[in-house]
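Handing you this structure, nothing more for now.
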Amino acid sequence: MSQWRLPTILTAATAALALLGSPAMAAHDDSFSASTPGGCGVADFVDYGTWGDGSKKDDFIVLHDYCSDSKGIFVMAWLNGNQVGGLQNSNGYAGKPTMYKPWDDVKAGDRIAMQVCLTWSYAACLSGTYSEKEVRTSQDG
């Protein structure tokens, strides 16, 4: 075996083992989105990803405002049929998305649900701006 092959093989094997043990290599990506009619407000459920401070987190929502319309975006979250909270993004179109972690830990088989709407004030959703209530069952927690 040539001199360069052994270090290359060892490096590749070490990288593969590191990836196999990381949460990012989950068996199934449970991520999904809910969007208001017209797409001004979007809530993304992130199964595993990067939080605003650069750390890695599991099971959170990123709430986006994609329209310059003077309205805020509000998301409601459920776990196994129970509403666990809600959060508003009032940062506006030019602002950063809001990150929200309403669940301590989602487990395999848990039902996650989100609904998003446009709002003038906290939790006062405007008629006709509700998304469909998006529900998913977590495959791997």
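Are there strands (runs of 3 or more DSSP E) fully within the stretch 30-87 with at least 2 residues that are of a type in the set (A, V, I, L, M) and farther than 18 Å from residue 140 by Cα? List them.
41-50, 56-65, 72-79
Regarding the stretch 80-89, can at least one residue be identified that is at pLDDT 90 or above and closer than 15 Å to residue 39 by Cα?
Looking through the stretch 80-89, at least one residue is at pLDDT 90 or above and closer than 15 Å to residue 39 by Cα.
Next up: Just the residues that are among the polar types (S, T, N, Q) and either out of contact with any Asp or Glu (no Cβ under 7 Å at 6 or more places or on another chain) or surrounded by fewer than 16 Cβ atoms within 10 Å (Cβ to Cβ) (or both), please, taken from the stretch 29-64.
Once the filter is applied, which keeps residues that are among the polar types (S, T, N, Q) and either out of contact with any Asp or Glu (no Cβ under 7 Å at 6 or more places or on another chain) or surrounded by fewer than 16 Cβ atoms within 10 Å (Cβ to Cβ) (or both), the stretch 29-64 yields 31, 35, 36, 50, 55.
Inside the stretch 90-125, can you point out the residues that are surrounded by 14 or more Cβ atoms within 10 Å (Cβ to Cβ), out of contact with any Lys or Arg (no Cβ under 7 Å at 6 or more places or on another chain) and either assigned to a loop (DSSP other than H, G, I, E, B) or free of Cβ contacts under 8 Å to residues at least 40 places away in the same chain (or both)?
If the condition is that a residue be surrounded by 14 or more Cβ atoms within 10 Å (Cβ to Cβ), out of contact with any Lys or Arg (no Cβ under 7 Å at 6 or more places or on another chain) and either assigned to a loop (DSSP other than H, G, I, E, B) or free of Cβ contacts under 8 Å to residues at least 40 places away in the same chain (or both), then 90, 91, 92, 97, 98, 102, 103, 106, 110, 111 are the ones that fit.
If you don't mind, there's one more thing I want to ask. So which of 71, 56 is without any contact (Cβ under 8 Å) to a residue 60 or more places away in the chain, of a type in the set (Lys, Arg) and in contact with a Pro (Cβ under 9 Å, 6 or more places away or on another chain)?
56
What are the residues in the stretch 60-98 that are hydroxyl-bearing (Ser, Thr, Tyr) and more than 13 Å from residue 117 (Cα to Cα), if any?
68, 70, 93, 98, listed by residue number.
The values are calculated or read from the model by the stated rules, or taken from the named source; none is laboratory data. None of these values were measured; they are calculated from a predicted model. So basically every Cβ, Gly included, is an ideal-geometry build from the backbone, and we count neighbours across all protein chains shown.
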